[in-house]
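Working notes for the structure below.
Just so it is clear, none of the values below were taken in a lab; they were calculated from the coordinates. None of the values given here were measured: they were computed from a predicted structure. As a convention, Cβ positions derive from the backbone with ideal geometry for all residues, glycine included, and neighbour counts pool all protein chains shown.
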Amino acid sequence: MENIILKIINLNAYYGNQKVLKNVDLEIYENRVTTILGPSGCGKTTLIRCINRLHELSPGARIEGQILLKGEDLYQIEPMIVRQKIGMVFQKPNPFPTMTIYDNVIAGYILSGIKLSKEEKDKIVEESLIKSGLWDEVKENLFKKGTFLSGGQQQRLCIARALAMKPEILLLDEPTSALDPVATSVIEELIIELKKSVTTVLVTHNIGQAGRVSDYTAFFYLGELVEFGKTTEMFTVPKSKKTEEYLIGKIG
Amino acid sequence: MRKDKVFKIILLLSGFLIVALLSGIFLSLVFSSIPSIKEFGINFLFSKDWDPVNNKFGALPFLIGTLLTSVISLLISIPFSLSISIFLSEILKNKLISNIFQTFVELIAGIPSVIVGLWGLFILAPFMRTLQLKLGIQPIGVGIFTASIILSIMIIPYSASIGKEVISMVPTEVKEGAISLGATEFETLKSVTLPFSFNGIFAGFLLSFGRAFGETMAVTMVIGNSNKIPDSIFSPGQTMASLIANEFTEATTKLYTSSLIEIGLILFIVSMLINILGRLIIRRFKF
């Protein structure tokens, strides 16, 4: 039996007059990896940007519908609080170039002016870096700039930065699209490992990646949710013709 | 093919001409300063006597006057140009309106300095006089502080415009990284955007400073033209540039002319250094 942590009800998202998400209903289960799969321009990224309320920052952007986090309407809460509860990792690694690795991990606290004692900081930094699998590689260089790391390491630093806020949900927006195959497989293993502590929503157009790491998959096409189900089931017997066409590479 | 070659040669020559011109000006300044350098040596920089009648020349009052006016004007301009850069790059979301605003800001730099000087002399100086009366200071109106205010208005466009450009160049993904961690727009600006663009903003202020350092006409009109070391920021003074503008027609002896030119040489070298440094920082930033 799965626990629903996030419930999206009849969501429509717009950029100006352009409707990019149409009547999306979706449930995200706790401590599972859910993949949002689909070709470019299908609204995958817009969907997760609605979940942490980044979507509304674009000029002319608006939404209709509801998103409930454990029954609480996200659009009735302060956006800053929402974003602390729902972390995000972006396509391109974006550690803060002016901060050290150490400060990057606790950047969420620094930015919001949350005071922590030295011990608390050390603890959060170590725990988050261990969780993101980066600790052994950077523990000697915590006070160097994060931009000296390799692309894959930078991306894991960004994951650590998101985890440091102890989020309920982690949104990953094509986190490996800028990385080489080795760094990609490290991140994929990490995503599976993280299931114990956090719910993950992974956006990708990489079918193989969806198959390797996710428990559930939601397939989107042109702004609509075409099919949702267990990844293993969808990948073996897709219910929709569109999904099948995408999986075998006929559309994309 | 032949035309191409001629064209290239013309371009090459014009390039060399600029280099030759700059070096030529520098060399002629050096050569004409030799009499004064021989006579006073390094003491020229530390002597406060400027006495054409007895053929004694020292640049200290003007060095101090120049430093005071440019530093004070820079300090006055910083909060304004920083606010303008942030407003134009981060707050005004509409690119078109922001660019129109930026053009207006840059147009301030296009006002002939004699007009700014006139405004200073007829509007600002009387106002300063009233203010000084209220404060119980000798009401002269013109002086170091009045000149600094005028200068600050003249240099704001440089730092504001460069500041806007470099703040606009901060990648969206870096700013969104901060927003996605729950930072407000102000926290993002303070802890991510401004530190990221710090070098460029700093270079903008440096170029502004260089501009204030060498500005002549407007300063000459409102600084009060006193060759003594100013004893307060309200007292009249003289900058290197205003001294040259005021006295080159009166310089009758060889040593007098040479001393004025040596001051010009100092002004030239310092302005060059400030400009080169500012440009190096900006180039490293991105452009």
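Data table
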quantity: Leading residue by the ranking (nearest to A:VAL105 (Cα to Cα)) among those in the stretch A:155-204 that are of a type in the set (S, T, N, Q) and in a helix (DSSP H, G or I); calculated: A:GLN155
quantity: Some residue of the stretch B:90-98 being closer than 20 Å to B:ILE167 by Cβ and among the polar types (S, T, N, Q); calculated: yes
quantity: Unmet requirement for A:GLY133, which otherwise passes all of (1) touching a residue at least 40 places away in the same chain (Cβ under 8 Å); (2) in a loop (DSSP other than H, G, I, E, B); (3) within 14 Å of chain B (Cβ to nearest Cβ); calculated: (3)
quantity: Selection from the stretch A:95-106 of residues that are at the interface with another protein chain (Cβ under 7 Å from one of its Cβ atoms) and surrounded by fewer than 20 Cβ atoms within 10 Å (Cβ to Cβ); calculated: A:PRO97, A:THR98
quantity: Residue match in the stretch A:107-130 (condition: within 14 Å of another protein chain (Cβ to nearest Cβ) and either touching a residue at least 60 places away in the same chain (Cβ under 8 Å) or at positive phi (or both)); calculated: yes
quantity: Filter result for the condition that a residue is without any contact (Cβ under 8 Å) to a residue 24 or more places away in the chain and either among the aromatic types (Phe, Trp, Tyr) or farther than 30 Å from B:ILE167 by Cα (or both), over B:PHE202, B:PHE234, B:PHE198, B:PHE209; calculated: B:PHE198
quantity: Condition met for A:LYS92 (more than 14 Å from every other protein chain (Cβ to nearest Cβ) and either buried (at least 24 other Cβ atoms within 10 Å of the Cβ) or not hydroxyl-bearing (Ser, Thr, Tyr) (or both)); calculated: no
quantity: Lone qualifier among A:LEU74, A:LEU37 - being within 14 Å of A:ALA218 (Cβ to Cβ) and either surrounded by 18 or more Cβ atoms within 10 Å (Cβ to Cβ) or more than 14 Å from the chain's Cα centre (by Cα) (or both); calculated: A:LEU37
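Every residue, every condition in (1) under 25 Å from the mean Cα position of the chain (by Cα); (2) closer than 21 Å to B:LEU243 by Cβ, yes or no:
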residue	(1), (2)
B:VAL105	yes, no
B:LEU118	yes, yes
B:ILE123	yes, no
B:THR130	no, no
B:LEU135	no, no
B:PRO139	no, no
B:ILE144	yes, yes
